[in-house]
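Scroll down for the structure; my scribbles are underneath it.
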Amino acid sequence: MYRVLRESGVHSRLDLVSTRGLTPLVGREQEVGLLLERWEQVKTGHGHVVLLTGDAGIGKSRLVQRLKDHVTNEPHVRWECRSSAYYQNTALFPLTDLFQRLLRFQAEESPDEKLEKLEQALSQYRLPLDESVPLFAPLLSLSLPESRYAPLNVSPQRQRQKTLEAIVTIILEHAERQPVLLIIEDLHWTDPTTLEFLNLMLDQTPTASLLTVLTCRPTFQPSWTHRSFLTEVSVTRLAQPQIEPMITHVAGGKTLPHVVMQQLIERTDGVPLFVEEMTKVILESGPLKAVDDHYELTGSLSTFAIPATLQDSLMARLDRLVTAKAVAQYAAVIGRHFAYDLLSVVSASYTNK
């Protein structure tokens, strides 16, 4: 049995995997080069925004990690947060979660202790405390003593606007001192208020030492129009020559039989996460035996299955498609490759029953 002692502090799968060592990043030289180039421009006072778009597991977070590794030993401020499918309707959730981490709130701390931390943090900026504290306290679920802070006599809409402006002011003040790296991941799950903050932040980007890196899935449609300082990068699937070294690395440097390698390349569709997870599964439960610097096939590949975690993920995505789920099920019955006409006929025949 195990007893839970505390939160791990891990915020994503990548944080967990990085402690054990990451699979080498392959086939992303152009994307990495662009991110590093934008960072160099930011250090000279020319702000940029980079939007990384791609399917789940395609490697967007790995690109962000590569940039973070590059700037680790350079003077800079990094604000990093991510949206969550569970908090799509919670205003400013990514930033609220970020502030709680920056302030190092502890569960055992009293509200007064947390308020003191907030006051100390805000006192380093050019924002009047009597105005800024009442704006940030509600975000952090902190009540204010009436003897010290007067209520804000403004409408909810105006309070929201003033809060967003205060956050932007803090970021810009940081950027006056040293370059700022602002990261917001999973933009497709971001609440409307955070998107409003981003729109406000974009207007200030060109003249600030600020690099904003955003990640999202292709379903996200940004509301902002084309701007010269905004670059959208489509992170695509890996090609076969790029997949093979990933598989060999996961296999501990040992080569796999050609038939197994082809199965992995075909079934993972060039998605790096699938490549890693499916290779691990077949090594752990497949009919393979390690011999010197390679693996030998000792049984059948018929038991080669998609890992449960990926299957669960795919099923959840299908459930969200509602009516399209049935179409996907028909296609799965037909096989991996099929013509649109065949799928149309099969769908119609089941619908009419």
Name the helices (runs of 4 or more DSSP H) wholly within segment 4-92 that hold at least 1 residues that are in contact with a Cys (Cβ under 9 Å, 6 or more places away or on another chain), at pLDDT 95 or above and not hydroxyl-bearing (S, T, Y)?
60-71
Of all residues making up segment 272-293, the number that are touching a Pro at 6+ places or on another chain (Cβ under 9 Å) and exposed (fewer than 15 other Cβ atoms within 10 Å of the Cβ):
1
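Residues are listed down the side, and each one gets a yes or a no for (1) surrounded by 14 or more Cβ atoms within 10 Å (Cβ to Cβ); (2) within 25 Å of E196 (Cα to Cα); (3) not aromatic (F, W, Y):
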residue	(1), (2), (3)
E80	yes, yes, yes
S83	yes, yes, yes
F99	yes, yes, no
E108	no, no, yes
Q124	no, no, yes
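Select from segment 192-236 the residues that are hydroxyl-bearing (S, T, Y) and either in a strand (DSSP E or B) or over 20 Å from the mean Cα position of the chain (by Cα) (or both) and list them in ascending order.
Here is the first cut: in segment 192-236, the ones hydroxyl-bearing (S, T, Y) are 193-194, 205, 207, 209, 212, 215, 219, 223, 225, 228, 231, 234, 236.
Across segment 192-236, the qualifying residues are T205, T207, S209, T212, T215, T225, S228, T231, S234.
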Over segment 336-353, the set of residues modelled with pLDDT under 80 and either exposed (fewer than 10 other Cβ atoms within 10 Å of the Cβ) or among the polar types (S, T, N, Q) (or both) is R336, H337, S349, T351, N352, K353
State which residue is modelled with the lowest pLDDT when the search covers only segment 294-315 and only residues that are of a type in the set (S, T, Y) and loosely packed, with under 13 Cβ neighbours inside 10 Å.
T303
Residues in segment 98-114: is at least one of a type in the set (D, E) and at pLDDT 95 or above?
no
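The values are calculated or read from the model by the stated rules, or taken from the named source; none is laboratory data. Here the structure is a predicted model, which is why all the values come from computation and not from measurement. Note: ideal-geometry Cβ built from the backbone for every residue, glycine included; neighbour counts use all protein chains shown.
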